[in-house]
Structure formats: C-alpha cells, structure tokens
Amino acid sequence: MAGLTLYDKLWQSHLVEERDDGSALIYIDRHLTHEVTSPQAFEGLRLAGRRPWRRDANIAVPDHNVPTESAERLGGVAGILDPVSRLQVQTLDENCAEFDIVEIPINDVRQGIVHVVGPEQGITLPGVTLVCGDSHTSTHGALAALAHGIGTSEVEHVLATQCLLAQKMKNLQVRVSGRLGTGVTAKDLALAIIGQIGTAGGTGFAIEYAGEAIEALSMEGRMTLCNMSIEAGARVGLIAVDDTTIDYVRGRPYAPTGELWDRAVAAWRGLHSDPDAVFDRVVELRAEDVKPQVTWGTSPEMVAPVDGVVPDPDAMDSPGRAESVRRALEYMGLTAGMPIRDIRPDRVFIGSCTNSRIEDLRAAAAVVKGRRVAASVKQALVVPGSGEVKKQAEAEGLDRVFLDAGMEWREPGCSMCLAMNADKLGAGEHCASTSNRNFEGRQGAGGRTHLVSPAMAAAAAIAGHFIDVRELTEA
Amino acid sequence: MMQKLTVHEGLVVPMDRANVDTDLIIPKQFLKSIKRTGFGPNLFDNLRYLDEGEPGQDCSQRPINPEFPLNFPRYQGASILLARENFGCGSSREHAPWALADYGFRCVIAPSFADIFYNNCFKNGILPVVLPAAVVDDLFAVLYASEGYTLTVDLREQVVIAPDGRRWSFAVDGFRKERLLEGLDDIGITLKSADAIRAYEARWREQSPWLFGGFDRPVS
Ligand code: SF4
C-alpha cells in the first residue's frame, strides 16, 4: 500500500464517521471566530436552544472591521464610528459572553487579524484541525494544521457538534526546487504559482508545498504562501513539520509545556508526507526562475514579473481569455504592452493576513529606511497584523522608520484589505497592496489593486511607480 | 430544532410571476443584518411597499402597495405560497428562506425551483412542492376565484389535497423528506452521531491531551 500524504494523515486522525455518500464527520480541534461571519451562527444556536459542544475549543477576536486609526481606536467598541461595524463587534462581545467563549477584545495587545493571532498565540498547533468563517484560514496550514474556511451555517454546525461534514479533497504537491533569490519572497512565489496553475488550478485539492525553497522559508513566509492557497482555488495549503516549525511554536502562550511539550513534539515529528505517498497531481517550479511579481488585473492569476509588460488581449490563445483580459485592463485603466514599471500607485497598503507579520514589516522598513515616500503617492499605510506585531515593531524602531518616510503607522486589523472599515481606495485609484485579492472593488468601489510583496510595496511607495526592489536595495 | 412538517393545511396566496429571484424575495440592503430572524416584514419589500425600504424601519408605518396580493385582507395569515417557474433563483444566501419562514410560510408550490433555494428550504423548515405547470395554472385560477382558499399538503403521503377532494402527488427525496418530518436540521442530523463524536473525543484526548486545555489560563 502506498504511503500517506500529510493531508491524508491529518484527515485520518480526525475522522469520526464516514457516510455512505462519501462525506465524513471530521472532528475540529480549534474554531476561531470573528465578528463578520458569526452573528447568525450564534443566533441559530440561540433559536434552537443549543450550547457549544466544547467551549474550550473556541476563541474569538474582532478584526475585519475594527478601526485602525489610533484616535478612533482609543474609544474601544463604543468608539467605532460606522454603525454596522460597531454593531458587529458589539454582537461578537455579547455572543462570547453569552456562550462563555474566550474572546481577545478589541484593545487587548494580543488582538489582531485572526490568522496572525492564531499562530502567534500558539492557538494554532501542528496536527490540529482548525476552521474559521474566513477563506484565508488556509494560512494556518503552514504549521501542518488541517485548516480551512467555512460558511456561516458551518460555523454554527462546528459550534454545536465540534464536527464538520466534509468531503475528502485530492492531493496536490507543489514542489519548489532551489532557493529564492535575494529580494524575492514567499509572496512572489505564491503569485508565481497562481500565475502558473491559475485561480482554479487548486480547486478540489489540498496543496502541500515542498522542496528545498519551502524548507528554507521562515514560518512567516510559509504562512504567506499557505494564505494564498485559496487564491489558487485550494481551500487547504500545508507544509510539513520541521525544526523551523517546532522552534516557532516553542514558548508560545498557548503551546504545551514540560512533559506535554515533549509528547507533542514527538507526535508532530510524524507530520509529513511519507516518501512513497502518491499525489493526484504534482506541479514543479524552480525558485531561481521567480522574480518579484506584480498583478496587473482583477484576479491574482493576472500577474507578471516586475520587469514584464501588461499583456495584449489580442495575443491570447482563447477568445474567453482575451475577453477577460480586455475587461480587466479596462477596469484597471491599463493598456496592453505597457511596462509594469510604468504603473504608478496612488496609495500603498502594507498589511493583511498575507503580509503583516514582523518579518514583513522588517522587509518593508529595510527598503524605506532613510528614504521618503514619492510625492505622487497620496497615502502609504502600514497596518501591523496584531498588537504583538505592533509592539515588537515599535521595540525595533520600525514605526519611526515608516513615519520618517512619510507613511502612516496604524492599529492592528484587516483595514484596507477589504475596505470594511474607513480605509478604502477611491474610484480609479491604483494601490500597491500586500493583501491577497485584487477583485474589482475589493479595496473600495472602483479601486485598482496590484498585489505585491511588502518589500515591493515599499519600493513602489518610494519610487512612485513599480520597480524591482533589488534596484533600490542593491544600488 | 427546526420546525417539523408532516401535514399542513393553510391559506394560499398567489405570487403570479416567473423567475422570482432572491433579491426580490429579500432585497440586498437587508442582508447586512446580524440576525436570521426578523426578515418577515421585508419579505418581497419592493413589491409590498410603495417607498424604498431601509433596514431597521418600522414597516407598519410604511405606505403599502394595495395591488400586491400579500397586502389583500383576504390573504392575511397565508402560509402557502403559490408561485411560478424557477422560483428562488439568484444568490445562494439563506436569507430568502429565512424571510419566507419568518413571514410564516411553510410551503411553496411552483412548477420549478432554483436548485440552491430548493435545498435551502429544507434546511429552514419550508417544504417546496413541485407540481406540473398545468396543475399550477389551474390552482391559480381557482385561487383567484375563491376567497379563503386553502390547501392541505401531506408530506408523509407526498400529496397536495384541494378542498374539493382533488389530489396531486409530488416527488421529494427520501433524505430531505425525513429531515422535515422529524424537524432535523444539519446539526440535528449530526447530533444523531453524538456517541461516535464522544467516543472519538475521548480517544483523541488520551492521544493529544495538549489540545484540551482551553484558552482560559492567563497568558503572561
Ligand atoms: S486581512 Fe483581508 S483576507 Fe485576511 S482575514 Fe482580513 S479581510 Fe480577510
């Protein structure tokens, strides 16, 4: 019999019951909750007179529409200006109180984007199943956790039963050989992978990232990569446990300690695909071929290396593809053949669950240090992923670096990633953004998003147009 | 628990247009709500009222459209909606069945339904019944002609019974029928496996005790 993939192992270890129709009940170890997708789930429980199956598997944190301006933030929940946002955060507080669920409240230093907070606090551990009502839950797979987003009715289902009704996915391995060059990051790799397999390339699969380039990534980089799995169509992204994983988890607030730690590590060491495991599909890339990436369209697969050009719809092989490129260029206000370098962002956003961890902020700060944001850039926002990231960055003086360069330093939250709070793009504005989605209107109605790495966003802020970050840092 | 449905007799109201989409059933400005109840007053909002609906309004103060059947005195208290083909097309959100259920509908009869809506009805205690277009035509005619027209929908027998004794049988898949007869939602069905979940949990706790500490302990 062939060996098992990491995904197979995680699935098997959590299988409660298989049904005749191929679906299965999967036990859920960790359920993270935020304010947007949970209110109706809690109401469903209330209406049915149900209580959470296991309260200690749940933890909540508001993130999607908390304000990130310090002045507004000081007022706590009551101080949130937008009434819909305030009601959602208030409702989360009330529901957590009523259902006895531990919540990290808005101005707690541990508060932040749920996908930053989970790993940072040791809530996310290797080998767990973890769900959250948010599609970027794939992030947590960087710790070899089986993690994916769920809908509101599933949130209620997990709360009430500690299980999820699921179908087993297929296995896709993305193997990346060699080493990423200097200035080339996990974000560039993620975009290059999506550029290669397309936004539907991973549909129905759990992706496991493997190979020398992946092993060399820090945990932050691994989280960035797994985070973007959903943009490749895969609900799950996974990376095997190694020393980098164990070192990251050790000493986290909710990580096991003492004898339990030793037992846990012994179990976690087995969390990798067997050498003879069979994948349904394998995709290979060479890390050396990956250059800094910039998206030019309205889907993450519409991406080009920074030294490339905006494609020509008339040169496309299929009429459907030509049409979607044409529509994207029209929305983005770009012309075919235009160098990526000539795109000039009006705003810059460094943040989101993809790229708001300390390593991301360090990379951006290293680029802007001693420089000034270009006059043509109206706003450059830096939004740390959590209060802990913010604290660490301030201890290292990164906040000063950003402020001195003319950037804004904000309170933690999702911010301009999805424009649910006050941070938004105006119509027609271009944004160099470290987030994960460049869909029409995602960062504000009519806004034009270009997805890049933190270093590339910082470089664009300084230069006033997209530029290979290596030109700035190696000059 | 979801409301059971075995045999239901109720007043019928007509919704005489094809392709009624979810946005017509419950317009999108009401989807921002943090609730899944309370949508009833805004069911068919654009048709029911003469003004533009806003979330949080007191609907009893709004000008009603006297031409819309749901507002006719003779249809007050209706619990069966008679509709046309492709009822419930549009978005996959569950707000549409929530709004129908909140208004008090237990059954929708139509020649055809949009797939996702059809499925969502069973999750929310509403029985969608597909009858042949000719039968639905006929029912519309009788309904318009007779005040206080009621139908009886018997899910066990899978028949719709008219006051004059005419009967039409309808199809429904066994699993969906069961769940509505027993009033089981997805959670209710999973909880039938509660023993298996507990057994798994006990084993898993032995094996991975570090996953059962919870998040209460103070963090330094
Ligand atoms: S940062 Fe953006 S993508 Fe991530 S959880 Fe928040 S809104 Fe979603």
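The values are calculated or read from the model by the stated rules, or taken from the named source; none is laboratory data. All values reported here derive from a predicted model rather than from experimental measurement. FYI the Cβ positions are ideal-geometry reconstructions off the backbone, even for glycines, and counts take in every protein chain you see. Side chains included, ligands, DNA and RNA excluded: accessible areas come from the protein's heavy atoms. Shrake-Rupley method; radii C 1.70, N 1.55, O 1.52, S 1.80 Å.
Things to note:
Here is a yes/no grid of residues against (1) out of contact with any Phe, Trp or Tyr (no Cβ under 7 Å at 6 or more places or on another chain); (2) loosely packed, with under 15 Cβ neighbours inside 10 Å; (3) at pLDDT 95 or above:
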site: B:MET2; (1), (2), (3): yes, no, no
site: B:VAL7; (1), (2), (3): yes, yes, yes
site: B:VAL12; (1), (2), (3): no, no, yes
site: B:GLY53; (1), (2), (3): yes, no, no
site: B:ARG62; (1), (2), (3): no, no, yes
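- Qualifying residue in the stretch A:77-97 (condition: charged (D, E, K, R), on the phi > 0 side of the Ramachandran plot and more than 16 Å from the ligand (Cβ to nearest atom)): no
- Scope the stretch A:419-461; condition out of contact with any Pro (no Cβ under 9 Å at 6 or more places or on another chain), surrounded by fewer than 22 Cβ atoms within 10 Å (Cβ to Cβ) and either within 21 Å of A:ALA364 (Cα to Cα) or of a type in the set (D, E, K, R) (or both); matching residues: A:LYS424, A:GLU440, A:ARG442
- Filter pass, A:TYR254 being within 14 Å of another protein chain (Cβ to nearest Cβ) and either crowded, with 24+ Cβ neighbours inside 10 Å or away from the ligand (no atom under 16 Å from the Cβ) (or both): yes
- A:ARG371 vs. criteria in a helix (DSSP H, G or I) and either away from the ligand (no atom under 16 Å from the Cβ) or open to solvent by less than 40 Å² (accessible area, probe 1.4 Å) (or both): no
- Among the residues of the stretch A:388-400, the one identified as within 16 Å of the ligand (Cβ to nearest atom) and either open to solvent by less than 10 Å² (accessible area, probe 1.4 Å) or not assigned by the TED database to the domain that holds A:PRO454 (or both) is A:VAL389.
- Scanning the stretch A:401-423 for residues that are touching a helix residue (DSSP H, G or I) at 6+ places or on another chain (Cβ under 6 Å), away from the ligand (no atom under 13 Å from the Cβ) and either assigned by the TED database to the domain that holds A:ILE106 or in a loop (DSSP other than H, G, I, E, B) (or both) yields A:ALA405, A:GLU411.
- In the stretch B:72-88, the residues that are open to solvent by less than 30 Å² (accessible area, probe 1.4 Å) and not hydroxyl-bearing (Ser, Thr, Tyr): B:ALA78, B:ILE80, B:LEU81, B:LEU82, B:ALA83, B:PHE87, B:GLY88
- Number of residues in the stretch A:461-471 that are outside any loop (DSSP other than H, G, I, E, B) and either β-branched (Val, Ile, Thr) or within 16 Å of the ligand (Cβ to nearest atom) (or both) equals 2.
Let's see how each residue does on (1) at pLDDT below 95; (2) closer than 26 Å to A:ASN227 by Cβ:
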| residue | (1), (2) |
| --- | --- |
| A:VAL278 | no, no |
| A:ARG286 | no, yes |
| A:PRO305 | no, yes |
| A:PRO313 | no, no |
| A:GLY320 | yes, no |
| A:ALA336 | no, no |
| A:ILE340 | no, yes |
| A:CYS353 | no, yes |
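- When A:ARG357 is tested against the conditions (1) open to solvent by less than 50 Å² (accessible area, probe 1.4 Å); (2) away from the ligand (no atom under 16 Å from the Cβ); (3) basic (Lys, Arg), the lone failure is (2).
- Residue that is farthest from the other protein chains (Cβ to nearest Cβ), among those in the stretch B:197-220 that are among the small types (Gly, Ala, Ser) and open to solvent by 30 Å² or more (accessible area, probe 1.4 Å): B:ALA202
- Tabulated pairs, the stretch A:377-403, first within 14 Å of chain B (Cβ to nearest Cβ) and at pLDDT 95 or above, second within 16 Å of the ligand (Cβ to nearest atom) and open to solvent by 20 Å² or more (accessible area, probe 1.4 Å), C-beta under 7 angstrom, 6+ apart or interchain: A:SER386/A:GLU120; A:GLU388/A:GLU120
- Among (1) within 16 Å of the ligand (Cβ to nearest atom); (2) within 26 Å of A:GLN111 (Cβ to Cβ) - the single one A:ALA458 does not satisfy: (1)
- Set A:GLY122, A:GLY127, A:GLY118: member being modelled with pLDDT of 95 or more and within 16 Å of the ligand (Cβ to nearest atom): A:GLY118
- For A:ILE59: the one exception among (1) in contact with a Phe, Trp or Tyr (Cβ under 6 Å, 6 or more places away or on another chain); (2) away from the ligand (no atom under 16 Å from the Cβ): (2)
- Test for B:PHE68: is it at pLDDT 95 or above, on the phi > 0 side of the Ramachandran plot and either open to solvent by 20 Å² or more (accessible area, probe 1.4 Å) or of a type outside the set (Lys, Arg) (or both): no
- A:PRO67 satisfies every condition listed in (1) within 26 Å of the chain's Cα centre (by Cα); (2) open to solvent by 10 Å² or more (accessible area, probe 1.4 Å); (3) touching a residue at least 60 places away in the same chain (Cβ under 8 Å) except (2).
- The one condition in (1) without any contact (Cβ under 8 Å) to a residue 24 or more places away in the chain; (2) assigned to a loop (DSSP other than H, G, I, E, B); (3) hydroxyl-bearing (Ser, Thr, Tyr) that B:SER60 fails to fulfil: (2)
- Residues in the stretch A:215-242 that are closer than 20 Å to A:GLY127 by Cβ and surrounded by fewer than 24 Cβ atoms within 10 Å (Cβ to Cβ): A:GLU215, A:LEU217, A:MET219, A:ARG235, A:ALA240, A:VAL241, A:ASP242.
- Qualifying residue in the stretch A:99-112 (condition: open to solvent by 10 Å² or more (accessible area, probe 1.4 Å), within 26 Å of A:ALA78 (Cβ to Cβ), in a strand (DSSP E or B) and more than 16 Å from the ligand (Cβ to nearest atom)): yes
- Residue that is nearest to A:LEU81 (Cα to Cα), among those in the stretch A:424-451 that are among the charged types (D, E, K, R) and within 11 Å of the ligand (Cβ to nearest atom): A:ARG442
- The C-beta contact set for the stretch A:157-175 (first residue away from chain B (no Cβ under 14 Å) and farther than 16 Å from A:CYS132 by Cβ, second residue of a type in the set (Phe, Trp, Tyr) and assigned to a loop (DSSP other than H, G, I, E, B), distance under 7 angstrom, 6+ apart or interchain) comprises A:ASN171/A:PHE279; A:LEU172/A:PHE279; A:GLN173/A:PHE279.
- At least 2 residues being within 25 Å of A:GLU154 (Cβ to Cβ) is the threshold, and among the strands (runs of 3 or more DSSP E) wholly inside the stretch B:70-183 those reaching it are B:127-130.
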